[in-house]
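The values are calculated or read from the model by the stated rules, or taken from the named source; none is laboratory data. For clarity, every value in this text was computed on a predicted model and none was experimentally measured. Note that we place each Cβ from the backbone using ideal geometry, even for glycine, and neighbour counts take in every protein chain shown. Ligands, DNA and RNA are excluded from the accessible area calculation, which covers all protein heavy atoms including side chains. Shrake-Rupley method; radii C 1.70, N 1.55, O 1.52, S 1.80 Å.
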Amino acid sequence: MYRSQSISQIDMKAELRPNPSSTSLSNPTLFNSHQNPLSVALKGCLGNLDGACIEKLLLHCANALENSDINSAQQVMWVLNNVASSSGDPNQRLASWFLRALVSRASRVCPTPMSFNGGRSAFQRRLMSVTQLAGYVDLIPWYRFGFCASNSAIFKAIQGCSKVHILDFSITHCMQWPTLIDALAKRPEGPPSLRISVPSWRPSVPPFVNVLAKEVGLRLTNFANFRNVPFEFNVIEVSPSLEESSINFNYEFLLTQTNLVQDDEELVINCQNWLRYMPDTSLSKDSFLELIKSLNPRILTIVDEDSDLGSSSLASRITTCFNFLWIPFDALETFLPKDSSQRMEYEADIGHKIENIIGFEGRQRIERLESGAKLSQRMKNLGFFSVPYGEDTLSEVKFLLDEHASGWGMKTEDDMIVLTWKGHNSVYATAWFSYGFEDQLMEHAEPKNSALDTIRTPY
């Protein structure tokens, strides 16, 4: 936690960067006291309120809120309000969403009137069409990276299989599958009979679409028919309580249904940005993965953002979150203008995540990311074995990244491949099996022309 120390007198009014959309500081003399904690928070930031100084202010505000020092928290918020801008540079835009989250948190800690930019506005769901969603996931490779890596691993694992069932845990409304269906249509031995099942419930997080899962399934079915791939789509009706909370989601019921795997059918389980929404106990994740292991899937693919955001410490979450979620804000800066509505909408979805990570605790805080390294250790502890990614997979991912800004890269780390932005880890992709499929997975040669990223979602 940031610790206050007294420093010499600072006149903050002259040092703040201009921000025409922000409210001016109503009482700058607040910041001229030798003992003022706000002066402490800005030590070393004179004339340069960069990302490190914004982070310092955020930590100081969090410390004040944790100690119920509302006066200090309000003072820091006034400074942040003057620095943050939803139309500024990446640090200013990111700061504006952190300010919203802190105001939201403060309104519950001490419901006093506050009037900062972005104040206490409730998050508005933005419903996209399927076509808009396709453009959304193509904007930066945040999602496509995982789609590409997982599809390549699945394609290899099910070579020679005539019937395949994919159980899909994902927040992206099946946008992953047209590419795989297209690749299976080109398989030399012919496509398998493919069944994809999704749970009827998903976490209430962006992106949201304006169609039901059954409608998405119908579009997938039409595309599969067009590509002559025998196809079936199922929505497994397992609803949680009216609170729409992952706490109450009955994974055991879902994973123990008698018709989950039919005769002569190979099971594939896909988890894309899903495990982070498991309840806040390691046992819950372990129980879910143990259930999956008992089904002995041919392959289990897991993709998520490569950061640790499950700490009980607010200061730790602020530091990690600020330095991690800077990545998409910075990436969008490279090719979209500051006033781009597409950029602002994408950033707003990230802001929804920030508000949950920073503004909430207990069961209301559903964003609990676990890094790829921790996930890998968890999988090994449970008896899973890593499936290595071959050169063709790495080439396909590289081909995908070549379509985007030069700052995107890829590296391999132990059991995973990692999407990077300017060298910073962003998203990891892993693949696993439990037992029984070692020989099959190892004896298949690398597919030479799987064309797994030559098609964009056509529906």
(request) May I ask you to list the residues in region 384-402 that are under 13 Å from residue 153 (Cα atoms), assigned to a loop (DSSP other than H, G, I, E, B) and touching a strand residue (DSSP E or B) at 6+ places or on another chain (Cβ under 7 Å)? (result) 387, 389
(message) Let me confirm something: among 147, 169, which residue is assigned to a helix (DSSP H, G or I), open to solvent by less than 10 Å² (accessible area, probe 1.4 Å) and modelled with pLDDT of 95 or more?
(response) 147
(request) Could you please let me know if residue 450 is modelled with pLDDT under 95, open to solvent by less than 20 Å² (accessible area, probe 1.4 Å) and outside the structural domain of residue 223 (by the TED database)? (result) yes
(request) Out of the residues in region 46-62 that are small (Gly, Ala, Ser) and surrounded by fewer than 20 Cβ atoms within 10 Å (Cβ to Cβ), state the one that is modelled with the lowest pLDDT. (result) 47
(request) Look at residue 387 and say whether it is surrounded by 14 or more Cβ atoms within 10 Å (Cβ to Cβ), within 14 Å of residue 151 (Cβ to Cβ) and more than 19 Å from the chain's Cα centre (by Cα). (result) yes
(message) Test of understanding: among 184, 194, which residue is buried (at least 18 other Cβ atoms within 10 Å of the Cβ) and over 20 Å from residue 130 (Cβ atoms)?
(response) 184
(request) Kindly list the number of the only condition in (1) more than 21 Å from residue 303 (Cβ to Cβ); (2) open to solvent by 70 Å² or more (accessible area, probe 1.4 Å); (3) modelled with pLDDT under 55 that fails for residue 435. (result) (3)
